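Please read the structure below before turning to the comments.
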Amino acid sequence: MAPDFDRAREDLGNIVLLEHVNVTIPDQRLATIFYVSGLGLTRDPYLMTGIDNMWVNVGRSQFHLPSRGTQVLRGRVGIVVPDLAALTHRLQNVAPLLAETRFAWEKRDGCVEATCPWGNRYRCHGPAPEFGDTELAIAYVELDVPGGSAPGIARQRTISTAVRESTCRATMRDDPVSRWIPAPTASARPTRHPAATRTSVTPPSLVI
């Protein structure tokens, strides 16, 4: 039996993977407590192992965390983790070590929302069909932008990322703050296509 594809939903140009999200940090120690001990991710053991940058693995994706001061994304990053109960236990354990920072976390709508020591927000999901068969990944990046600006962003990103404008438009909401999600989710799971490209998100180039 031939597979049943939703062509309109799955046509995202050449984007097959959100490879990394880049935010600068001022302190690797606090970053290690949050991203590794708290979220349960792992620091890449082979690349960027010095004190001027750290790469944190999220399955096939990464967070790139250069030591260049504080950078806060205007929005949030969605990640998939294997076990939300284990995540909440880890976050409880690291809370005393992050007491003098902006760290916070709470359960909300079936997810766990965690804030890093400098204010970046992460929405943590358990494995679900909407994210494909992954158990650990960066699922999306959601950027809050002024109302009315999302259509222009979609047109610009259509050119630079090969994502159809109609696909971007489907993620917009007609309210005072538009939300634009450039990252593919279940509709753009990784493939073996030789021409496929990867996408990274560096916040200053996207937040307007």
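The values are calculated or read from the model by the stated rules, or taken from the named source; none is laboratory data. Only a predicted model underlies this, so the values are computations on that prediction, with no experimental measurement involved. Cβ: placed from backbone, ideal geometry, glycine included. Neighbour counts: every protein chain shown.
Side notes on the structure shown:
- Condition check for VAL80: closer than 21 Å to GLU19 by Cβ and either out of contact with any Cys (no Cβ under 6 Å at 6 or more places or on another chain) or hydrophobic (A, V, I, L, M, F, W, C) (or both): yes
- Residues that are assigned to a loop (DSSP other than H, G, I, E, B), in contact with a Phe, Trp or Tyr (Cβ under 8 Å, 6 or more places away or on another chain), under 30 Å from THR32 (Cβ atoms) and modelled with pLDDT under 90 occur at least once in region 163-181.
- Residue match in region 89-102 (condition: touching a strand residue (DSSP E or B) at 6+ places or on another chain (Cβ under 7 Å) and modelled with pLDDT of 90 or more): yes
- Filtered by the rule that a residue be more than 15 Å from LEU41 (Cβ to Cβ), not in a helix (DSSP H, G or I) and not charged (D, E, K, R), region 75-91 gives a lone residue, GLY75.
- Those residues of region 93-149 which are touching a residue at least 60 places away in the same chain (Cβ under 8 Å), acidic (Asp, Glu) and within 19 Å of ARG60 (Cβ to Cβ), in sequence order: GLU135
- Being outside any loop (DSSP other than H, G, I, E, B), among the polar types (S, T, N, Q) and under 24 Å from ASP144 (Cα atoms) is a property that does not hold for GLN71.
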